[in-house]
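Novice: Just passing along the structure, written as structure tokens.
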Amino acid sequence: VWESLSKDERKTRRDAVKNGNFAKAYGAAWQKIAETLGLKDGDSMRKCRTYERTFPKLCGLMPTIIRQVKEVGYITTAFGRRLHIPRDQAYMGVNYLGQGTGAEIIKRAQVKVSKHLAQTTGDELQLLLPIHDELIIECPRNRLDDAKPILREVKELMVDFPGRFKVPFEVDVKVA
């Protein structure tokens, strides 16, 4: 089914699913999930219950993190860093976990990409600026033809965290 959709339809569905997953991770009730995904009231509760059975860890993330913060006062990111959270603000733990791990991913990617560009291009292509979850790379016009294979390698470096994550990451490359 996915392959038969247009690029715009895939993006629309991907965005809806992403928003639904975030809503669930942050503790949203089935009514909010149904609204986010555009589900009809009749079967939205049934679909949400199926989702909860299929992804119990995601659905239990918020209460699990709240319990952990209230007990020990911190969460631990995927890379082992402890982020302390006031116990009376335990609900912020999921955000700390996601944002903290995301920051660690992009920082590690920056280091790997910067070293790779220096080694493979003699610093002709350079990491110019990180913006949230993006890396902006500067490339002289005379190297644009060479940039495509280099950027394919950069994509691999940005998601190379062996054994750290069960779900594969995806990186988009755009030339402007």
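The values are calculated or read from the model by the stated rules, or taken from the named source; none is laboratory data. Small disclaimer: the values here were computed from a predicted structure and weren't measured. When we count neighbours, we look across all protein chains shown, and the Cβ atoms used for this are built from the backbone with ideal geometry, even at glycine. SASA here: full protein model, heavy atoms, side chains in, ligands and nucleic acids out. Shrake-Rupley method; radii C 1.70, N 1.55, O 1.52, S 1.80 Å.
Novice: Return a yes/no flag: does the stretch 102-112 have any residue that is part of a helix (DSSP H, G or I), in contact with a helix residue (DSSP H, G or I) (Cβ under 9 Å, 6 or more places away or on another chain) and of a type in the set (G, A, S).
Specialist: The answer is yes; a qualifying residue exists.
Novice: Right, another one. Could you please give the count of residues in the stretch 20-41 that are of a type outside the set (D, E, K, R) and open to solvent by 80 Å² or more (accessible area, probe 1.4 Å)?
Specialist: 3
Novice: Working only within the stretch 130-149, note down all residues that are touching a helix residue (DSSP H, G or I) at 6+ places or on another chain (Cβ under 8 Å), farther than 25 Å from A103 by Cβ and not basic (K, R).
Specialist: Those that are touching a helix residue (DSSP H, G or I) at 6+ places or on another chain (Cβ under 8 Å), farther than 25 Å from A103 by Cβ and not basic (K, R): C139, D146.
Novice: Does any residue of the stretch 117-130 turn out to be outside any helix (DSSP H, G or I), free of Cβ contacts under 8 Å to residues at least 60 places away in the same chain, under 28 Å from T77 (Cα atoms) and small (G, A, S)?
Specialist: No.
Novice: Go through the stretch 153-172 and count every residue that is free of Cβ contacts under 8 Å to residues at least 40 places away in the same chain, more than 24 Å from L58 (Cα to Cα) and either loosely packed, with under 12 Cβ neighbours inside 10 Å or under 16 Å from the mean Cα position of the chain (by Cα) (or both).
Specialist: So the count comes out to 3.
Novice: Are any residues in the stretch 83-102 closer than 30 Å to K148 by Cα and surrounded by 16 or more Cβ atoms within 10 Å (Cβ to Cβ), and if so, which ones?
Specialist: Across the stretch 83-102, the qualifying residue is only T101.
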